[in-house]
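Below you'll find the structure, written out as structure tokens, and then a few comments.
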Amino acid sequence: MSQDTTISLKVEFGGGLELLFSNKRSHQLTVPATVPKSTEDNATKQADITFLIRYLRDNLLQERQELFMENETVRPGILVLVNDTDWELEGEGEYVLKNGDEVVFISTLHGG
Amino acid sequence: MADCGNPNVEQDALMQRRKKYDRTRQCVKCHDQLGNVVIRHAVYCKGCFFPTVVGKFRRVLEPSISKDKSKKGLKATGNLCLAFSGGLGSSVLLDLIGSNYFAAEGDAGHDWSRGRGGGTEHPRNEPVWEHATVCYVEVCNAIPGARDRTEEIRQIVSRLASYAKFLPLRLEDAFDHAWWERVGRSKPHGQLFVDLGHQDLLLSIRNTSSSPVAALKAYLASLPTQTAVPTAIHNLIRLLLLHTAQLTNSSHLLLGTSLTSLSISLISSIAQGGGFVVREEAQENWQPDSTSSQKVAVSRPLRDVGMKECAIWAWWRGLEVVGKENYLGGKQGIGALTKGFIIGLERDYPSTVSTIARTCAKLAPKEASDGLCTLCERPVQPGVQDWKERISIRQFDEKAAIARSQPGLIQRLCYACHTTLTSPSSRGGVGQSAIDAVQLPVWVESRVLGSDEMKDVVAEFLLDDED
């Protein structure tokens, strides 16, 4: 069943971060519900925000990866909200994505 | 204490991830709702977040308006000047000022906790400032590849701050006599030039026809380090804003410096020799000249509000943040390095960033200043040149000895500005003759040539236009 194998998400960018993503603030995405744990083995895990960040880098990011990611997570100065709640309350990158989630990435470093 | 296991025995032993918040997910204010945001380990729900930020904002701003809060409410002695860069902090500043001090009755954004009792004629309901001006300094001519964003900023200001008049400036105004006259100052007799290649920073007057843009570019190009250029731009913006505040009869100049950006500028300023004026970096009272009765209080009402709080505020309030031009320059400049360090620190140890600002607020110089720096118009540490001469290794230069009679800028600079203009280590490879004299900002001319004695001395070194 497609509902079990994929997750629909709304991803938004703010604070100038949208400039790296085709200057589009809001994106509707469908991502796999289960993803490989790492590139080295076949073990899997449920799709989490760490996976979403990599997915955005590989599929939506148009330029300057270093302004979005650092050490496999978002660059310092980028805030993440999951369903209007700070991701620090939700386990940060380990938050398991659910169908209908809204994830917002906001840069605090627009320009200078 | 968290047990991280023994990495010698257990291969996968890792330190347990530490939670970014204290105790529970409940809001620390209402103890009722689940929290939405973590601010320096404390959890707030969305409903409590807004009054918390407003409270921090007012706690900093209102004592600078009036020490004793009477029943009649706050009343400033002059108008309000708001600095706007297009960045996050200044966008939040315009929104907070608008919703707290210029809101019309019925505005959704107005905080009615201040009350409106007593009718519209009641003195309590008089505006704190009669008029507000939003001032933007366009820096495109200082940054290669930057575009002029004045019109874009004008439109943003009309949406964010309809209560204020928009007043655009350009960075090159700092070298423009026409602007100097517009701010009510008398036109100097010529342009004041400084020889940055000479150790005494010799001064001369020239009558040149070069444009303010050319003068700005020459000034920035003559600076010795990657650090000096952004510092010089920052200083020019600061002085342009201060003189504009004076022009608009403003008693207050408000900057959108957040706690995070204040910590960055404090560390960066100290690293560049600005330790003596560390208090002024947070808050200062500026006087156009010693005879003037007008004072401008420079305040940073967001200095207790971190960048994260500003970003969340802007997102939840739906503010449009256009961003500001990045003039920090190369990655190896002190400003850029400090910013990278503090932003990383804020993510991993958020309380440490506020500790920087709190610690700096406790610092005070051992001795009082004996004058103002002609370039940055901030207090000068007494005896700084004697001390600098004692610790410097200099080469004897015959020409320098002959030029002793020619006045120099060196005695009129603070330690930080002297360091910005001259950096012996990096200048080492550059021949002194390779650096041409450059025009100084108009306020330096005014301060140096303001005294008749100096005017006569410098006038002896009147040079013809080389252009």
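For this structure, a couple of remarks:
- Filtered residues of the range B:371-391 (kept if surrounded by fewer than 20 Cβ atoms within 10 Å (Cβ to Cβ) and touching a Leu at 6+ places or on another chain (Cβ under 7 Å)): B:Pro379
- Scanning the range B:321-345 for residues that are within 7 Å of chain A (Cβ to nearest Cβ) and part of a helix (DSSP H, G or I), we see that the one that is farthest from B:Ser64 (Cα to Cα) is B:Gly344.
- Residue selected from the range B:20-59 under the condition under 21 Å from B:Arg347 (Cα atoms) and of a type in the set (A, V, I, L, M), by the criterion farthest from the other protein chains (Cβ to nearest Cβ): B:Val53
- Test: residue in the range B:279-288 that is free of Cβ contacts under 8 Å to residues at least 24 places away in the same chain, more than 12 Å from chain A (Cβ to nearest Cβ) and either out of contact with any strand residue (DSSP E or B) (no Cβ under 7 Å at 6 or more places or on another chain) or not β-branched (Val, Ile, Thr) (or both): yes
- Close pairs (9 angstrom Cβ cut-off, 6 or more residues apart or separate chains): closer than 30 Å to B:His243 by Cα and more than 14 Å from every other protein chain (Cβ to nearest Cβ) in the range B:294-320, hydrophobic (A, V, I, L, M, F, W, C) and in a loop (DSSP other than H, G, I, E, B) anywhere: B:Ala297/B:Ala76; B:Val298/B:Leu255; B:Ser299/B:Leu255; B:Arg300/B:Leu255; B:Pro301/B:Leu255
- Which listed residue, of B:Arg149, B:Arg159, B:Arg238, B:Arg170, is surrounded by fewer than 18 Cβ atoms within 10 Å (Cβ to Cβ) and under 30 Å from B:Leu96 (Cβ atoms): B:Arg159
- Which numbered condition B:Gly197 fails, given (1) modelled with pLDDT under 95; (2) over 27 Å from B:Gly408 (Cβ atoms): (2)
- Just one of the listed residues (A:Glu102, A:Glu94, A:Glu63, A:Glu72) is acidic (Asp, Glu), touching a strand residue (DSSP E or B) at 6+ places or on another chain (Cβ under 9 Å), over 21 Å from B:Ser258 (Cα atoms) and more than 9 Å from chain B (Cβ to nearest Cβ), and it is A:Glu102.
- Taken together, B:Leu160, B:Leu167 contain a single residue that is among the aliphatic types (A, V, I, L, M) and touching a helix residue (DSSP H, G or I) at 6+ places or on another chain (Cβ under 6 Å), which is B:Leu160.
- Count of the range B:208-234 residues which are in contact with an Asp or Glu (Cβ under 9 Å, 6 or more places away or on another chain) and surrounded by 18 or more Cβ atoms within 10 Å (Cβ to Cβ): 5
- Subset of the range B:285-311 [surrounded by fewer than 21 Cβ atoms within 10 Å (Cβ to Cβ) and not aliphatic (A, V, I, L, M)]: B:Asn285, B:Gln287, B:Asp289, B:Ser290, B:Thr291, B:Ser292, B:Ser293, B:Gln294, B:Lys295, B:Asp304
- Residue that is over 30 Å from B:Ala103 (Cβ atoms) and either in contact with a Leu (Cβ under 8 Å, 6 or more places away or on another chain) or among the acidic types (Asp, Glu) (or both), where the choices are B:Ser186, B:Ser222, B:Ser209: B:Ser222
- Any hit, the range A:52-59, residues being within 14 Å of another protein chain (Cβ to nearest Cβ), basic (Lys, Arg) and surrounded by fewer than 18 Cβ atoms within 10 Å (Cβ to Cβ): no
- Test: residue in the range A:76-85 that is within 20 Å of A:Ile7 (Cβ to Cβ), touching a residue at least 12 places away in the same chain (Cβ under 8 Å) and either part of a loop (DSSP other than H, G, I, E, B) or more than 14 Å from chain B (Cβ to nearest Cβ) (or both): yes
- Among the residues making up the range B:269-304, a single one is touching a Phe, Trp or Tyr at 6+ places or on another chain (Cβ under 9 Å) and among the basic types (Lys, Arg): B:Lys295.
- Conditions (1) at pLDDT 90 or above; (2) assigned to a loop (DSSP other than H, G, I, E, B); (3) farther than 19 Å from A:Gly93 by Cβ; number of the one not met by A:Gln62: (1)
- For the residues B:Gly318, B:Gly335, B:Gly274, the requirement of being at positive phi and not β-branched (Val, Ile, Thr) singles out B:Gly318.
The values are calculated or read from the model by the stated rules, or taken from the named source; none is laboratory data. For clarity, every value in this text was computed on a predicted model and none was experimentally measured. Cβ: placed from backbone, ideal geometry, glycine included. Neighbour counts: every protein chain shown.
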